[in-house]
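For reference, the structure discussed in these notes is given below.
The values are calculated or read from the model by the stated rules, or taken from the named source; none is laboratory data. Not measured: the values here are computed from a predicted model. Cβ placement follows ideal geometry from the backbone for every residue including glycine, while neighbour counts extend to all protein chains displayed. Surface accessibility is based on the protein's heavy atoms, side chains included, excluding ligands, DNA and RNA. Shrake-Rupley method; radii C 1.70, N 1.55, O 1.52, S 1.80 Å.
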Amino acid sequence: MDSDFSIHIHSISTVVPASLTRRCILPLTSLDFLNRNVACMQRILFYSLDLDSLDNYDSFVDKLKGSLAETLVRFYPLAGRFTDGESEKPRINCNDAGVPFIEAAMLRKSLGDFLASPHCMDLCSELAHVESSELADAPHIAPVSVQVTRFKSGGLAVGVSYNHFLIDGYSFWHFMKSWSEVACGQSISLPPVHSREILISQPPVTYMSSLPRYFAIPATASMEAPVGFSNIQQRMYSFSAQFIRRLKLQAMAGSNGDIQQVSSFRVLCAHIWRCLVRARGLEESEETRFFVGVDVRKRLVPCLPDGYFGNAVCAVYAESRAGELLSPEKGTAHGVRILSQAIAGATDGNIKSLLEWCDKQGNAYFRGADYALDNNFVV
């Protein structure tokens, strides 16, 4: 790869909350532990800012740091550290240890050069610093880190990595929106709710004695956590509105009238599943599963409060023989149908049964869910 795309780190500092926050130990819920094996997530925002002088750039970074410090006062678990979990289940120590803030630069390439490069997706991982995910390192590892990378001739990337063990994507973007509001001189529009006991202190339930079908759970207690993605190649695909409309018509045409409307997300999942099965060359009789995340915030009764900050997502899966998915006439409809059935299975009763089942498994369960089996696909 062209060395001109090298990223040089200039400084590493720590941003702590702007004022002292609540010192406490927050528990992790069953839904947190189901994400124990998911690698740290990286999200990158690109800005075509015209920061001509170093003074302007330094002023901009100082504003980012200052607004981050103010935001962490409300989102204080992100400035904490995981306990090591050797003698008990890991928890989050809210100790104001702070968030790593890395300043870097790509000195020889502009933002346009970077985005146009065929290596763009592979290079993106270097724009968001990732802390270790190993529990042995937990007392020293921040759940969130920030990296600001400046490009030649202007342009900026703000990369943020977060540990899925603590929060899900909804909570992450809640934090990012709040940070942007503070940076713009506004008040946080939706204060976070850190009452994780809402998902822990559920009353005992007896909805069913076994785990509900469709839910993703640990396959083995002995697997090494977390599942890494270092060997996976990343690619970006674009789907036009016309193509999605054609997929929807294909799904409805092959459904014998039982699919009257379908979301873009579900029909794209079905399409991608079919493509992956075909690319893997699965035999028609082979079983395959497709996992999707379901937000449970509005599915529980009562609903979780607006602003609940943590993991409120569980993975459900659809299961099929490869031959049914690859049917030219009905494969898309079949994929949409069974994905919809799996998602519909995430009811209040089933979710609470899942939480109860997880709580009863003891320490063997707390390694997290395993999706990395043959013929499994995750979105």
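On the accessible surface of the stretch 250-327, probed at 1.4 Å, how many percent belong to carbon and sulfur atoms? Don't jump to the answer; show the numbers that get you there.
Details: 1800 of 3610 Å².
Percent of accessible area from carbon and sulfur atoms in the stretch 250-327: 50.
Order these peptides, 25-38, 91-104, 337-350, 185-198, by their mean beta-carbon neighbour count within 10 angstrom, highest first.
Details: 25-38: 21.5, 91-104: 19.7, 337-350: 18.1, 185-198: 14.5.
Averaged packing, sorted descending, gives the order 25-38, 91-104, 337-350, 185-198.
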Expected field for Y76, accessible surface area in Å² at 1.4 Å probe radius, rounded to 10, holds 20
Residue pairs, from the table K109/K177; K152/K177; K65/K298; K177/K248; K177/K298; K89/K360, whose Cα atoms sit over 25 Å apart: K109/K177; K152/K177; K65/K298; K177/K248
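Ranked highest first by the average count of other Cβ atoms within 10 Å around their residues, in what order do 123-130, 299-306, 239-246 fall?
On the way: 123-130: 19.9, 299-306: 13.4, 239-246: 11.2.
Going from most to least packed, we get 123-130, 299-306, 239-246.
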Please report how far the C-alpha centroid of the stretch 102-128 lies from that of the stretch 248-284, rounded to the nearest whole angstrom. 35
Checked against the positive end of the charge dipole of the stretch 1-75 (+1 on Cβ of Lys and Arg, -1 on Cβ of Asp and Glu, about the Cα centre), the farthest of L31, V16, F75 is L31
